[in-house]
Amino acid sequence: MKKDQIKNVDDRKIIGVLSDKKVPVGISESLALHLEQKDRSYVCLPFVVEAEHLKNIVMCLKLMDIEGLVITGKHSKDIIKYLETDMSAKEAGMVNIVKRNGSKLIGSYLVEDNFIKNATEFFKEN
């Protein structure tokens with residue numbers, strides 16, 4: 001691998017897909033493809049975490065240089081107690097997307113219709 005290729009990988013923003021079991025391939029691949037079409041500066045990584053380790057992974061993710069998360073499975077309801085949330089997450093009682101705001105992780109809920117497109121826009125907002 002050439003030095004300039006390594007730099008390009010290092011400059012990418014990380015979007016994690018957090019699940020309690022094997023990450024649904026469709027979600028991570030669709031989001032990754034959609035983000036790459038819009039902007040090649042993103043990479044999607046799966047994070048498979050058992051429920052009893054959810055609090056610890058949230059603490060670790062706050063320390064990592066991660067742009068945000070897509071939350072799947074039962075973690076959508078369980079993670080809400082470890083995050084700050086916006087009104088959409090409070091109303092839904094769950095979080096399916098998280099964005100970094102400084103040292104904070106802010107949970108939100110996006111409706112399932114056009115989720116990939118809406119998630120892309122969500123991560124691109126400042």
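Among the residues of segment 18-63, write down those that are modelled with pLDDT of 70 or more and among the polar types (S, T, N, Q).
Hits for segment 18-63 are Ser19, Ser30, Ser41, Asn56.
Restricted to segment 72-122, and to residues that are of a type in the set (Lys, Arg) and more than 19 Å from Lys55 (Cβ to Cβ), which residue is nearest to the chain's Cα centre (by Cα)? So that I can check it myself, show each step before the final result.
First pass over segment 72-122, keeping only residues of a type in the set (Lys, Arg): 74, 77, 81, 90, 99-100, 104, 117.
The next check asks that each one be more than 19 Å from Lys55 (Cβ to Cβ); those that pass are 90, 99, 117.
On the way: Lys90: 18, Lys99: 7, Lys117: 14 Å.
Looking at the filtered set, the residue picked out is Lys99.
What do you reckon, is Ser88 at pLDDT 90 or above and under 21 Å from Glu125 (Cβ atoms)?
Details: at pLDDT 90 or above: yes; under 21 Å from Glu125 (Cβ atoms): yes.
The answer is yes for Ser88.
Hey, does segment 100-120 have a residue that's in contact with a Lys or Arg (Cβ under 8 Å, 6 or more places away or on another chain), within 18 Å of His34 (Cβ to Cβ), surrounded by fewer than 14 Cβ atoms within 10 Å (Cβ to Cβ) and not aliphatic (A, V, I, L, M)?
Scanning segment 100-120 turns up no residue that is in contact with a Lys or Arg (Cβ under 8 Å, 6 or more places away or on another chain), within 18 Å of His34 (Cβ to Cβ), surrounded by fewer than 14 Cβ atoms within 10 Å (Cβ to Cβ) and not aliphatic (A, V, I, L, M).
What about Lys77, is it of a type outside the set (Gly, Ala, Ser), in contact (Cβ under 8 Å) with a residue 12 or more places away in the chain, out of contact with any strand residue (DSSP E or B) (no Cβ under 9 Å at 6 or more places or on another chain) and closer than 14 Å to Asp20 by Cα? So that I can check it myself, show each step before the final result.
Numbers: of a type outside the set (Gly, Ala, Ser): yes; in contact (Cβ under 8 Å) with a residue 12 or more places away in the chain: yes; out of contact with any strand residue (DSSP E or B) (no Cβ under 9 Å at 6 or more places or on another chain): yes; closer than 14 Å to Asp20 by Cα: yes.
Criteria met by Lys77.
The values are calculated or read from the model by the stated rules, or taken from the named source; none is laboratory data. As the structure is a computational prediction, the values presented were derived from the model and not from experiment. Note that each Cβ is placed from the backbone with ideal geometry, even for glycine, and that neighbours are counted across all protein chains shown.
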